[in-house]
Amino acid sequence: MNLPAGEPSGPSRRDISESLVRQTLLALALLAAACTGAAAPSPPSGPSAAPTPLPSTGGPPIAFQVVATTSGHEAEEDRSYLDGMQLAVADVNAAGGVTGRPISLEIHDDNANVGTATDMMQGLLDHRPAAVLYVGPGLALTPLRTRFDQTGIPVVLLEGNLYTSHGLFPELFQTTIPWEWQAHVIARYVVRDRKARDIVFIGEGPEAPTASKTLAAALAYWGGHLSASFDDRSRDPTTGLAAPLTRAAKADWVVAFGPPVASLGLVNAIEEQAGIDRSTHLGARPGITGSASLLASGGGLAQPEPGTSACYTYTWAGWAQPIRRVGAFRAAFAATIGHAPTGLEQEGYDAVRVLARGLGNTGGAGGAKLVSALEATHGFAPSGYPVDFGPDDHLFLTRDQLGLFAVAGPNERLDPWEVPGSDPWRPLMRTFTYDGTRTNVLDIDRKVFFPFWGKDQPGPEYWRSRYGIATRAGDRLH
């Protein structure tokens, strides 16, 4: 349901946070007590290793308007995107800015409220900013479609997804991988590879009901069936999600959906309900797979148990150190922000870099000229996957190079840069294939994984990769 643009109040856009997960776990404990009585060349567009501030040119900064959650416990869900944006600003300014002017971010706190976010952006458009970046559910943008059409101002959507619901419009560019694409990668793995029969969806946020229907269709395409589905409407006033979590813990497989950190909270709750001992990793639990947002850590929540998987491109900065442009991004991020990437920082970084590049190509002009300049972006790889736009393609990432990352097992052989005992996310190479056998890794990166590969040769078999999880379908954990 779309919220009216003039309605500032309404439900929180992320009802499941760390605190709500803890409430659910408490409810589960009370119920239990009652029952028992008891290497490719790096493009020159990559990040610098140690950005330096841009000397003042006398011109005012070009300010990008950012609407996100920056206060309260839900701020953790948007933090990785904002950290990536900050690094991009440092890199652009270190390189001379845009037409000699520095760029900056003006960040507005929406208090995790969809209606508030809509109202904020409505007001920002009245001042004709160069561009707007919004971190949150796409539903906040839907009431503003006509206003964006009138102004011609581009808006970048992060975290949310309007592709799957057919809600994109000409001024909108989306960094989030459409759930429709992720659902097919997940369904193929769960049904064909893992042979799961009893599959349960559990999701959080306003996009969860649509996500459930999309997953059901993808499972059916691959010969499977969605046995049960739960979202915010399933929450009991007293016990929260206790009943849905109990059902999920008994399934063959669970697909968890939600924004960053909150989806991790769901996974923690499912594992708790399944009785997992985190010190030994022992206990019967369902297989668990999530959307890309599950890759984001934070909020004081535990890393998922070994075998848990999530969908993304192979260039994710949480792992892809040997790809030079990704390695450069990881180094620059750590030097500037003070810690390694922990989530989806690349999406915030690439969004700002692409906007700045477009403004440079228009001589600083925004509006429809900037939209046209953005659509002319081809092969630009600021931090990871190359961005290729067009008049009918405003998505930062692609469907063709998607696969799954999985949490490593306790005795698993790790890649040289991975820290033993850290339970890292690693690419499950047999999911990064176009036919279940041959890799879909881009030619520019193929030699990183397959040093023997020669140009114009077919894609090598995934099990010949020197990095990642290259086991075959018989792997009991992955």
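The values are calculated or read from the model by the stated rules, or taken from the named source; none is laboratory data. Since this is a predicted model, take the numbers as computed values, not measurements. Cβ sites come from the backbone with ideal geometry, for glycine too, and all protein chains shown count toward neighbours. To get the accessible areas, we keep the full protein, side chains included, count just its heavy atoms, and leave off ligands, DNA and RNA. Shrake-Rupley method; radii C 1.70, N 1.55, O 1.52, S 1.80 Å.
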Check: When TYR385 is evaluated against the numbered criteria (1) assigned to a loop (DSSP other than H, G, I, E, B); (2) at pLDDT 95 or above; (3) more than 20 Å from TRP179 (Cβ to Cβ), which criterion, by number, is the only one it fails?
Finding: (3)
Next item on the list: Could you tell me whether the range 21-29 includes any residue that is more than 25 Å from ALA296 (Cα to Cα), at pLDDT 50 or above and not in a loop (DSSP other than H, G, I, E, B)?
Entry: no
Margin query: Given the criteria surrounded by 12 or more Cβ atoms within 10 Å (Cβ to Cβ), of a type in the set (D, E, K, R) and over 25 Å from ASP252 (Cβ atoms), does LYS447 qualify?
Written below: yes
Next item on the list: Mind listing whichever residues of the range 322-361 are in contact with a strand residue (DSSP E or B) (Cβ under 7 Å, 6 or more places away or on another chain) and among the hydrophobic types (A, V, I, L, M, F, W, C)?
Entry: ALA351, VAL352, VAL354, LEU355, ALA356, LEU359
Next item on the list: Hand me the list of helices (runs of 4 or more DSSP H) wholly inside the range 183-302 holding 2 or more residues that are closer than 23 Å to TYR163 by Cα, open to solvent by less than 50 Å² (accessible area, probe 1.4 Å) and out of contact with any Cys (no Cβ under 6 Å at 6 or more places or on another chain).
Entry: 208-221, 262-273
Margin query: Would you confirm whether or not the range 368-382 contains a residue that is open to solvent by 20 Å² or more (accessible area, probe 1.4 Å), of a type in the set (A, V, I, L, M) and outside any loop (DSSP other than H, G, I, E, B)?
Written below: yes
Note to self: Filter the range 421-437 down to the residues that are surrounded by 11 or more Cβ atoms within 10 Å (Cβ to Cβ) and over 22 Å from GLY384 (Cβ atoms) and list them by number.
What the structure shows: ASP423, GLY436, THR437
Next item on the list: Identify the residue in the range 331-347 that is surrounded by fewer than 24 Cβ atoms within 10 Å (Cβ to Cβ) and under 21 Å from LEU294 (Cβ atoms) and, among all such residues, is nearest to the chain's Cα centre (by Cα).
Entry: THR342
Item checked: Subset of the range 450-471 (residues that are of a type in the set (A, V, I, L, M, F, W, C) and open to solvent by less than 10 Å² (accessible area, probe 1.4 Å)) -> PHE450, ILE469
Notebook entry, point to check: Among the residues of the range 393-408, is there at least one that is in a loop (DSSP other than H, G, I, E, B), over 27 Å from LEU158 (Cβ atoms) and out of contact with any Phe, Trp or Tyr (no Cβ under 6 Å at 6 or more places or on another chain)?
Noted result: yes
Notebook entry, point to check: Among the candidates HIS225, HIS184, HIS166, which residue alone is out of contact with any Pro (no Cβ under 8 Å at 6 or more places or on another chain) and modelled with pLDDT under 95?
Noted result: HIS166
Next item on the list: Can you tell me which residue within the range 296-321, out of those that are modelled with pLDDT of 95 or more and of a type in the set (A, V, I, L, M), is farthest from the chain's Cα centre (by Cα)?
Entry: ALA320
Next item on the list: For the range 158-182, name all the residues that are aromatic (Phe, Trp, Tyr) and not in a helix (DSSP H, G or I).
Entry: TYR163, PHE169, PHE173
Notebook entry, point to check: From the list PRO322, PRO306, PRO286, PRO259, which one is touching a His at 6+ places or on another chain (Cβ under 7 Å), within 27 Å of GLY421 (Cα to Cα) and not β-branched (Val, Ile, Thr)?
Noted result: PRO306
Check: Inside the range 383-400, can you point out the residues that are buried (at least 16 other Cβ atoms within 10 Å of the Cβ) and under 15 Å from the mean Cα position of the chain (by Cα)?
Finding: SER383, GLY384, TYR385, LEU395, PHE396, LEU397, THR398
Next item on the list: Can you tell me which residue among GLY160, GLY123, GLY152, GLY136 is of a type in the set (Gly, Ala, Ser), surrounded by fewer than 20 Cβ atoms within 10 Å (Cβ to Cβ) and in contact with a helix residue (DSSP H, G or I) (Cβ under 9 Å, 6 or more places away or on another chain)?
Entry: GLY152
Check: For the range 37-152, which fully contained helices (runs of 4 or more DSSP H) count at least 2 residues that are within 24 Å of PRO341 (Cβ to Cβ) and modelled with pLDDT of 95 or more?
Finding: 79-94
